[in-house]
């Protein structure tokens with residue numbers, strides 16, 4: 001039987017490596033895998049819907065779902081990250097505690113990216129941060145054209161300007177960034193993390209909430225799902241198998257160039273459990289519900305959807321079956 005030819009755009013992670021190298025193949029599908037940086041992949045998916053299957057920012061997907069865009073997610077979440085580590089402040093900006101961010105000039109890559117949505121929401125929930133009080137400055141154009149709510153003060157920095165440079169030049173006070181801010185990464189003494197021991201705070205956050213923040217999901221074009229609804233289940237099962245192979249590699253110290261990899265694996269298991277990346281709806285309901293609330297309260301989506309509405313119907317059960 002001829003296999004269905006589809007493209008998959010995703011990140012080059014240990015969790016997706018088996019799909020990239022072809023050692024895991026989704027049943028009935030001949031997959032062409034395209035790896036690229038997240039900003040490029042998200043832009044091309046949101047602006048042009050280029051790929052049959054794509055890893056996509058969870059925040060962008062909530063925006064896309066509200067707009068009834070032509071793709072639907074499956075409950076695969078190949079990228080997660082705790083966010084307390086990625087809040088940076090200028091040392092002389094008078095920011096000692098999270099509440100000191102109120103009224104400050106804060107840099108972002110974009111307002112819609114998932115890292116920012118989670119961070120702003122956590123700071124508001126846990127630290128008394130008032131999102132409406134800040135002045136927000138974005139580096140890049142939003143992936144989806146958007147009219148911010150009237151209560152939100154936001155502008156894009158001029159073309160050619162750089163938010164990291166503006167921070168160092170005292171024109172901005174802080175930054176919430178998806179990755180380590182370049183100035184911090186190179187050890188510039190003028191920049192520090194807001195939280196001095198972020199890992200301890202992230203551990204406490206997980207113990208209190210049970211949430212390991214979801215950054216990305218995987219979407220499939222609706223045109224594909226209409227003609228071949230079984231693709232959703234085939235891709236879900238393939239992502240699960242790729243993840244299991246990743247876990248098996250991590251359990252083998254010969255396959256990882258880290259001297260104390262087993263200690264790290266055991267520490268993670270003790271904190272996050274045996275499967276920190278569950279690919280199913282129910283184990284992720286709490287995190288998804290919170291992110292939906294954050295997206296709505298920050299003016300990104302007009303109405304909060306039910307969690308079940310976000311995913312292909314035949315992938316909602318713990319053991320999904322093929323539907324022809």
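Annotations
- Flag if residue 62 is buried (at least 22 other Cβ atoms within 10 Å of the Cβ) and either more than 26 Å from residue 236 (Cβ to Cβ) or touching a strand residue (DSSP E or B) at 6+ places or on another chain (Cβ under 7 Å) (or both): no
- Condition met for residue 89 (out of contact with any strand residue (DSSP E or B) (no Cβ under 6 Å at 6 or more places or on another chain) and either within 26 Å of residue 41 (Cα to Cα) or modelled with pLDDT of 95 or more (or both)): no
- Selection from region 9-59 of residues that are surrounded by 20 or more Cβ atoms within 10 Å (Cβ to Cβ), under 29 Å from residue 140 (Cα atoms) and more than 18 Å from the chain's Cα centre (by Cα): 51, 52
- Residue count for region 114-135, restricted to those that are in contact with a strand residue (DSSP E or B) (Cβ under 6 Å, 6 or more places away or on another chain) and within 26 Å of residue 287 (Cβ to Cβ): 4.
- Residue tally, condition part of a helix (DSSP H, G or I) and closer than 23 Å to residue 44 by Cβ, over region 217-233: 8
- Test: residue 272 is in contact with a helix residue (DSSP H, G or I) (Cβ under 8 Å, 6 or more places away or on another chain) and more than 17 Å from residue 10 (Cα to Cα): yes
- Scanning region 168-176 for any residue that is in the same structural domain as residue 22 (by TED's automatic domain parsing) and surrounded by fewer than 17 Cβ atoms within 10 Å (Cβ to Cβ) turns up nothing.
- Residue list for region 184-194, restricted to those being in contact with a helix residue (DSSP H, G or I) (Cβ under 9 Å, 6 or more places away or on another chain) and free of Cβ contacts under 8 Å to residues at least 40 places away in the same chain: 188
- Residue in region 195-203 that is touching a residue at least 60 places away in the same chain (Cβ under 8 Å) and in contact with a strand residue (DSSP E or B) (Cβ under 9 Å, 6 or more places away or on another chain) present: yes
The values are calculated or read from the model by the stated rules, or taken from the named source; none is laboratory data. In this text the structure is predicted, and so the values were computed from the model without any measurement. Here the Cβ is made from the backbone with ideal geometry for all residues, glycine too, and neighbour counts use every protein chain on show.
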